[in-house]
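Taking it in order: structure first as structure tokens, then the write-up.
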Amino acid sequence: MTVNYCDFVAGDDSAGDGSAANPFKTITKASEGLMGGDEVRCAKSPAPSALSGTLTWTNGSASVTTSADLTAVLAAKDFIRKTSLNAGDYDIWWEISGVTSTTITLVQAFRGYSESCASQRLGTTDTGVATSGQNVQLVSSSGDDTATPIEISGGWDLSTETQDGETWFRQTGSTKYGNGLNASGNDFIKLSKCHFLRYNYCLYIYSETGWTIEYCQLLGAGSVALYSGSTLSDVVFSHITSNGVLRLGYGISHGLVADNIVCINGQVRCYGRTTSLVARNTDLWADVGSITSGVSGDMINLNAYAPCRLYNVSGIVSVAVQNEVMGPHYVTIKNVDGATDEQAHQAFGYAQKDTAEARSGACICIYPYDEFIPFEQVFKLVASASSSKTVSVYMKRSVDFDGVVEAALMFKGRFLADFVIWEMTEAYQQFSLTAQAADIDEAGVLELWIRVRGTTGSVYIDDLS
């Protein structure tokens, strides 16, 4: 097994030998001549540095006010974030476009929890000014197979040969040129803890097989943060964070996994005909049919293991939801075959907006798949402490519905009573359940759970009160 070290700041591709004491400069050189099971280890970037005073972050605003003058320590192209993240924050760094004595202006509007707090500046490994079309770094070899890839990882302390940080490659030109890392046709690579900032394409992959890209942030791209230019096979995208466009597939791709991808102020997109796409906690724009002229049967076969959303899915043919956790989770599908209706898929059915059968406006139509395992629709309402609350809905069934509808109330994770059967007819009826004052011991959220089982037909839900 060969382990090559590289350090873009202190390394040398000509004089280096790839050891921790005498590293190469680039991934390009460090990955030459490697095979499956070998590694490239990238020197870690400087640790984030604390900023004086407090910064006031406001959700939806690109202006961050400062309690101290930070013009001496911050400038355009730097990245900042809160020192401690709240539940409403994203693990992402925010690029600066300008600084005055009282205000930092971000390139994009901040998304997260509004507050004044301690913040920090990102330490980066600067790769200089790139030119148009330049491959700043390349992958130079292929691994053997998915079990024995070449591993390229960041965050290494070369003095101790331990991985205790991250590597943040940053292009420093005013214009966002260059490809941060180009796969250059090499297969079976595992890339982790290497982040790419301010390149035209932060990560460029074309027609590769057997890649795993994990725990990477691709930020401030000039064009596309993650660019796939052709067919991909058996590629895993896991725990990737970006504020641009992530293009996961193009053409006829298959065996893709999108796992916990966070894209703020951007989109995760899939072009063309993609089969066997597994998704967890990922919102996906599926542009099937928009690029692949001449390819018949455009489709995305999606297996979802946690909440996901799909948008713009003309031609989708298969959605399956796999339960890894208790309770209902959904694949929400927006703009189905050019319509604006939204679908929410579970493992054993789906729900869709319906206007034709609504009492007025729109209603929810549920199509169950299974006579034993239900589709679960949950409605949440505010409940006041020590006050009874009655929840009512209008429901009916289609003429061919062959299943059963049950309902129950939940408060603080506990069902207040067993599920009761609601007998459906073809005309709307109002159904109600009441939570007693003694059941609501504090202010909180009362949940109405409706379970629908069946193999044929549908039920309609309207006018929740």
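Give the calculated FRET efficiency between SER49 and THR455 to the nearest 0.05, with a Förster radius of 60 Å applied to their Cβ-Cβ distance.
For SER49 and THR455, the calculated efficiency is 0.50.
If you bin the C-alpha pair distances of the stretch 81-157 every 10 Å from 0, what whole percents do you get?
12, 30, 28, 23, 7, 1
Determine the relative contact order of the stretch 49-122: mean sequence separation of Cα pairs under 8 Å and six or more apart, normalised by residue count, in whole percent.
So the answer I get is 46 percent.
Within 10 Å of each residue's Cβ, count the other Cβ atoms and sort HIS254, HIS195 from fewest upward.
Result, fewest neighbours first: HIS254, HIS195.
Most exposed first by the Cβ proxy, i.e. fewest other Cβ within 10 Å, how do THR241, THR56, THR103, THR26 rank?
THR103, THR56, THR241, THR26
Take the alpha carbon gyration tensor of the stretch 129-188, find the square roots of its eigenvalues, order them as a ≥ b ≥ c, and report rounded if a/c is under 1.5; if not, report prolate when a/b exceeds b/c, else oblate.
It comes out oblate by the Cα gyration axes.
Report the paramagnetic label zone for SER388: residues of the stretch 420-460 whose backbone N is under 16 Å from a point 7 Å from Cα along the Cα-to-Cβ axis.
Flagged as within label range: 432-441.
Need the C-alpha centroid separation for the stretch 140-169 versus the stretch 388-465, integer Å.
53 Å
Please list log₁₀ I(q)/I(0) at q = 0.17, 0.21, 0.25, 0.27 Å⁻¹ for the stretch 49-122, using the Debye equation with identical point scatterers on the alpha-carbon positions.
-0.51, -0.81, -1.22, -1.48
Give me the extension gain from THR175 to ASN86: residue separation times 0.36 nm, minus the current Cα-Cα distance, reported in nm with one decimal.
28.7 nm
Assuming R0 = 60 Å, can you tell me the calculated FRET efficiency for the pair ASP13 and ALA427, based on Cβ-Cβ distance, to the nearest 0.05?
E between ASP13 and ALA427, to the nearest 0.05, is 0.20.
Step through the residues of the stretch 28-43 one at a time and calculate ³J(HN,Hα) from phi using the Karplus curve (6.51 cos²θ - 1.76 cosθ + 1.60, θ = phi - 60°), rounding each to whole Hz and writing x for Gly and Pro.
Result, rounded to whole Hz: 3, 6, 5, 9, 5, x, 8, 9, x, x, 7, 9, 10, 10, 9, 4.
Among VAL40, THR26, ALA62, pick out the residue whose Cα is farthest towards the positive end of the charge dipole of the stretch 1-63, where Lys and Arg carry +1 and Asp and Glu carry -1 on C-beta, about the Cα centre.
Positive-end residue among those listed: ALA62.
Principal axis lengths of the stretch 370-462 from Cα atoms, whole Å, largest first?
In descending order, the Cα extents are 43, 25, 17 Å.
Would you list VAL393, VAL268 from fewest to most Cβ contacts within 10 Å?
VAL393, VAL268
Given contacts defined as C-alpha pairs under 8 Å and at least six residues apart, what's the relative contact order of the stretch 1-76, whole-number percent?
Result for the stretch 1-76 is 25 percent.
Over 28 Å between Cα atoms, which of LYS25/LYS193; LYS82/LYS380; LYS25/LYS77; LYS193/LYS412 qualify?
Violating the 28 Å limit, Cα to Cα: LYS82/LYS380; LYS193/LYS412.
If r is the Cβ-Cβ distance from SER97 to VAL378 and R0 is 45 Å, what FRET efficiency results, to the nearest 0.05?
0.60
State, as an integer percentage, the relative contact order of the stretch 11-151 based on alpha-carbon contacts under 8 Å between residues 6 or more apart.
Averaging sequence separation for qualifying contacts and normalising by length gives 32 percent for the stretch 11-151.
Computed from the coordinates by the stated procedures, all read-outs in this text should not be read as laboratory data. Since the structure is predicted, the reported quantities are computational estimates derived from the model, not experimental observations. Ideal geometry is used to build each Cβ from the backbone, glycine not excepted, and the neighbour counts take in all protein chains shown.
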